[in-house]
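S.K.: Submitted below is the structure of interest, expressed as structure tokens.
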Amino acid sequence: MSFNLRKLGVAPLPVAAILALGFGVFGIGEELIFPSVLLEVILNVFLILAISVVVARISVKSFFSTGSLNVLLLGTAVLAFGTMATLGGAVSSIDVNKGIAVYGFGAITAGGLHLASAVLTYRGSPRRATRLKLRAGACYIGTITFLTTLSVLAIDSILPASFGEPGSIIQRASAATTVLLFTISAILFSRVYLRSHNPILYWYSLGLWATAVGFLSFFATKGNGDPLLWTGIASVCVGSIYFLFSILAVPNLRSNRKPPEHLS
Amino acid sequence: MTSASNSPKSPVEDRVATGVEGFDNLIEGGFPRGDLILLAGHPGSGKTMFSSQFLYTGAIQYGEPGIYASFAENREAFLRNMRRANMDFESLEQKNLFRFIDFVTVKEQAIDAALATIMAEIDSLKASRLVIDSFSAMAQAFSEKIDARIVLHTVLGRMTRLSKVTTLLIAEKQLGSESLGGGMEEFVSDAVLVLTQSMERGHMRRHFDIVKMRGTGASRARLTYDITEHGIVVHPSLEAHPAARVYSERVSTGVEGLDRMLSGGPYKGSTILVMGEAGTGKTTTALQFMMRGAANKERTLYVSYEESQEELIRQALGFGWRINDHIENGLVRIASFFPEPYNIDNIFADTRKLIDEYQPTRFVLDSLTSLERAMSDDEFFRVVRRMESRFKGEGVTALVTARNTDGGLPSDFWVSSLMDVIVSLRQVESESALRRALVIFKARGLPHDTSIKEFEIGPKGIVVEEKFADIEQILGGSARRPARVQAWSDAFSGAPRQSRSGAKG
């Protein structure tokens, strides 16, 4: 990917931040309410979930090759977020608040796992794990199972409804924690990028920044379909697209191999 | 004189045994009685020794008197040379079982007299066997070649057949020449045997060819022989024959993962080639194969061309396998040889004897590469093919190892077409470490797993693990991950990246 695109990639972040500021702080566009569960589902399934599966797949392959736990945690994070975003979107068609709760569970878990991955990556020289398949299974399946259980509890109203109630203390605390986790992760991955200049890390850290901005918007949202919500959704989608860019950004390494004799 | 009527006749009616080890059973027990056999060969190829064994066996074992008519060597030299080979013809002379007739200085005019003398001695001794050494020397006494031909056709031919005297006619074969003797003897003779010598890989090899043998179903395959202190020993080759029976029963290789890859194990009677570089675990695989056989109460013959029995036992002990116990209870036998071109025939003879005596149901040969070094390509191929066909016919499951040092694929090993199963073991460089890969290249008639699997040589032997995940170029010896996975791993390794030009993102 060209250097110009990398420069442009930064652009949506301040735009989203400014929009969030305008909608959230100054109340601009409060009347622009557009609830659309269908659009949310489409974005969640065909963008967020699809890309999260791709990232999770490449991460687990990398884990099998290297045994590095940080890569496994990263894959688990995106998978958790993608599946819960999809499940949350589906639940929202029945009960919006419960859908938001499910979405929140995935987001905060993804934030925590991203932070763990970021810390390990930042520290460098991750150790090679053993029993790779067992660990990968425990992480991926275990995490999804756990989150699904939480979601079922939320759907069955066993967990407090305020988990998904926009503006409630619990929902805001959840969103704030998610913002914090993604922000710190983004900072750490960005620092690793500044050290390595690896384009994969460039786009991945941007993705984390965009997701953090998105959750910042969710933090301030007041109701379903409000501009802040859509700003948040847009920012999270941009984040997913940046994750995709990170997969596509295979560095063009200078080869140390000699050309075949008949070509030299 | 010992009467022929008081001694046992030659083992097969109307057949005259030669007493040459390994030869008589190739010609239905011996020469037909009364035949004229041309024995041609290079100088020093053992013609005199062969013919002397023929006479000595006749006298000692069957009480059949014999005559040695020599146109080339005097009596004293003959008796002295034969004493060295533990054949005491002097005592046979005293018992009237042998007579040496010296015609060294015979000229043409005396040929008729010489022949008459031979006939007289045959009558006198009641001889059943005659050696004329040599017709080439006799023929030189004739000024005209036609005269030699007449003598051969009319006199010798009738003389031997009418009196039922089995006659060995020795002829010289010049080095570098294809003709035998004078070029006429083979047409008159009932049988033609040719002894030749040649240098192969720096060592003298002796070959024995049965060019012609009327009235006898003899193999026309080239044989090898040695001249030992006990006389000539012929080494018959393994006869290739179509498998008499095809087995559908499966056997275990001893490596569970390999058996799974072969959907339960190879068929009984299969020949399994395990090929790999040094240190990849070929011998360990062979030992595991043997130990599984012992556990199943099957007899295994392990023929090692590289390591001694003690070395193999020590290696097996490292895995906790007590081979000695199985040797003691007869389930395992280990034979170690170190093949070189000069001893390869003896090794084959010994191996065949072991197989015939021990009757194994499993056989290990470690390794084919050592064998290949000691023989010509043609001979090696024939040996491997005959071995494979014999084992298949007898239901012996064989595991053979071979070394490929240049990293070539098993298909590059040119006898691989004879193998039923080919397993390749490789060392793979991956992330600054050596890992081991196993792949089945061929499994005749068996559905098998074609994936490349990693294996380890653990405390209990070879353990096949999962297939290499997301790694390419394994068979090239230097495995690498697909580019995208590699890049992803590198990115999140956290290590500082060296300055690179042209990096795009």
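A short reminder: the numbers here are calculations on the coordinates, not readings from a lab. No experiment lies behind these values; they were computed from the predicted model shown. Using ideal geometry, Cβ is built from the backbone for each residue, glycine included, and neighbour counts are taken over all protein chains shown.
S.K.: Would you mind checking which residues have amide H under 5 Å from B:ILE101's amide H? H placed 1.01 Å from N; only 5 or more apart, or other chain.
M.R.: B:TYR68, B:ALA69, B:SER70
S.K.: Counting partner chain Cβ atoms within 10 Å of every residue's Cβ in B:57-67, what's the average?
M.R.: Averaged over the peptide's residues, the number is 0.
S.K.: Here is a follow-up. DSSP loop trypsin sites (Lys or Arg not before Pro) in segment A:127-195 with at most 11 other Cβ atoms within 10 Å of their Cβ, which ones?
M.R.: Answer by residue number: A:ARG127, A:ARG131.
S.K.: Can you compute the FRET efficiency between B:ASN324 and B:GLU76 using 1/(1 + (r/R0)^6), with r the Cβ-Cβ distance and R0 = 56 Å? Round to the nearest 0.05.
M.R.: 0.50
S.K.: Give a residue-ordered list of calculated ³J(HN,Hα) values for segment B:446-458 (Karplus: 6.51 cos²θ - 1.76 cosθ + 1.60, θ = phi - 60°; whole Hz; x for Gly, Pro).
M.R.: Karplus-based 3J(HN,Hα) across segment B:446-458 equals 10, x, 8, 7, 9, 6, 8, 10, 7, 9, 10, 9, x Hz.
S.K.: Relative contact order, percent, of segment B:256-484 when contacts are C-alpha pairs under 8 Å separated by at least 6 residues?
M.R.: Once normalised by length, the contact order is 29 percent.
S.K.: Which whole-Hz couplings ³J(HN,Hα) result when phi for each residue of segment A:100-107 is put into the Karplus expression 6.51 cos²θ - 1.76 cosθ + 1.60, θ = phi - 60°, listed in order with x for Gly and Pro?
M.R.: Per-residue couplings from phi come out as 5, 4, 4, 4, x, 4, x, 5 Hz.
S.K.: Tell me, A:THR83, B:THR361 in order of fewest to most beta-carbon neighbours within 10 Å?
M.R.: If I rank by nearby Cβ atoms, fewest first, I get B:THR361, A:THR83.
S.K.: Let me ask another. Among B:PHE78, A:PHE182, which comes first, second and so on when ranked by fewest other beta-carbon atoms within 10 Å?
M.R.: Least to most surrounded, the residues fall as B:PHE78, A:PHE182.
S.K.: What pairs in B:LYS268/B:LYS467; B:LYS47/B:LYS164; B:LYS268/B:LYS460; B:LYS268/B:LYS453 have C-alpha atoms more than 29 Å from each other? Provide the component values of the computation, followed by the final result.
M.R.: Working: B:LYS268/B:LYS467 27 Å; B:LYS47/B:LYS164 22 Å; B:LYS268/B:LYS460 25 Å; B:LYS268/B:LYS453 24 Å.
Beyond 29 Å between Cα atoms: no listed pair.
S.K.: Let me ask something else. For a Förster distance of 22 Å, can you work out the FRET efficiency between the beta-carbons of A:TYR122 and A:ILE18, rounded to the nearest 0.05?
M.R.: Efficiency at R0 = 22 Å is approximately 0.15.
S.K.: Still on this structure: At R0 = 30 Å, how high is the FRET efficiency between B:MET119 and B:ASN86 if r is their beta carbon distance? Nearest 0.05 is fine.
M.R.: 0.45
S.K.: For each of B:ASP356, B:ASP88, count neighbouring Cβ atoms within 10 Å of the residue's Cβ, then give the residues from fewest to most.
M.R.: So the ranking, lowest neighbour count to highest, is B:ASP356, B:ASP88.
S.K.: If amide H atoms are built 1.01 Å from N in the plane of the peptide, which residues on other chains or at least 5 residues away come under 5 Å of the amide H of B:GLU466?
M.R.: Amide H neighbours of B:GLU466: B:GLU454.
S.K.: Return the long-range amide H neighbours of B:VAL274 (sequence gap of 5 or more, or a different chain), with a cut-off of under 5 Å between placed amide H atoms.
M.R.: When sequence neighbours closer than 5 places are left aside, the close amide H contacts are B:VAL400, B:THR401, B:ALA402, B:VAL423.
S.K.: Provide the per-residue ³J(HN,Hα) series for segment B:249-264, in order, calculated from phi with Karplus coefficients 6.51, -1.76, 1.60 and θ = phi - 60°, each as a whole number of Hz, with x at glycine and proline positions.
M.R.: Each residue of segment B:249-264 in turn: 6, 9, 10, 9, 7, x, 10, 4, x, 5, 4, 5, 5, 9, 6, x Hz.
S.K.: Between A:ALA173 and A:ARG131, with labels modelled 7 Å along Cα→Cβ, what's the label distance in nm to one decimal, could you check?
M.R.: That separation, rounded to one decimal, is 3.5 nm.
S.K.: If you don't mind, there's one more thing I want to ask. When Cβ neighbours within 10 Å are restricted to other protein chains, what is their mean count per residue of peptide A:188-201?
M.R.: For peptide A:188-201, the averaged partner shielding equals 4.
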